[in-house]
Amino acid sequence: MDVNIINPFLEATLDVTKTMAQLDATIGEPTIKNSTLTQGEVTGFIELSAPNHRGSLAITFSQDAIFLIYQRMLGETVNSIDQSICDLAGEITNMVCGGAKQRLADK
């Protein structure tokens, strides 16, 4: 993995959780995903393509984490995974990609 590509995504993830949900996230060690299985209950996924790079970004959330983010961002409490939770995971993924794209363009 090229840290020059990965780090902008990690930085954008931290920014999105801090600014949108007032949460200080911590990121574990990035890994290359070798299967189609996710590790959390809800995953935002987006395919990425550039002239010299191709891949995907999957941001996976435990149920507790996505419920807390939902409550912090929207001010509402949820008790089950529904379409609004899935939409939020997708929107967070889009925001992270947008932030990472800006960081990559600045380099």
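In table form, for the structure just shown:
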quantity	calculated
Rg/Rg_ref, the range 59-107, where Rg_ref = 2.2 N^0.38 Å and atoms are Cα	1.32
Karplus 3J(HN,Hα) series, Hz, for the range 17-22 with 6.51 cos²θ - 1.76 cosθ + 1.60 (x for Gly, Pro)	5, 6, 6, 8, 10, 6
Whole-number accessible area per residue in Å² for the chain, which is evaluated in the context of all protein chains at 1.4 Å	68 Å²
Per principal axis, descending, Cα span of the chain in whole Å	42, 30, 22
Fraction of accessible area attributable to carbon and sulfur, the chain (%, probe 1.4 Å)	50 percent
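The values are calculated or read from the model by the stated rules, or taken from the named source; none is laboratory data. Being a predicted model, the structure only gives us computed values, none of them experimental. Accessible surface areas use protein heavy atoms only, side chains included; no ligands, DNA or RNA. Shrake-Rupley method; radii C 1.70, N 1.55, O 1.52, S 1.80 Å.
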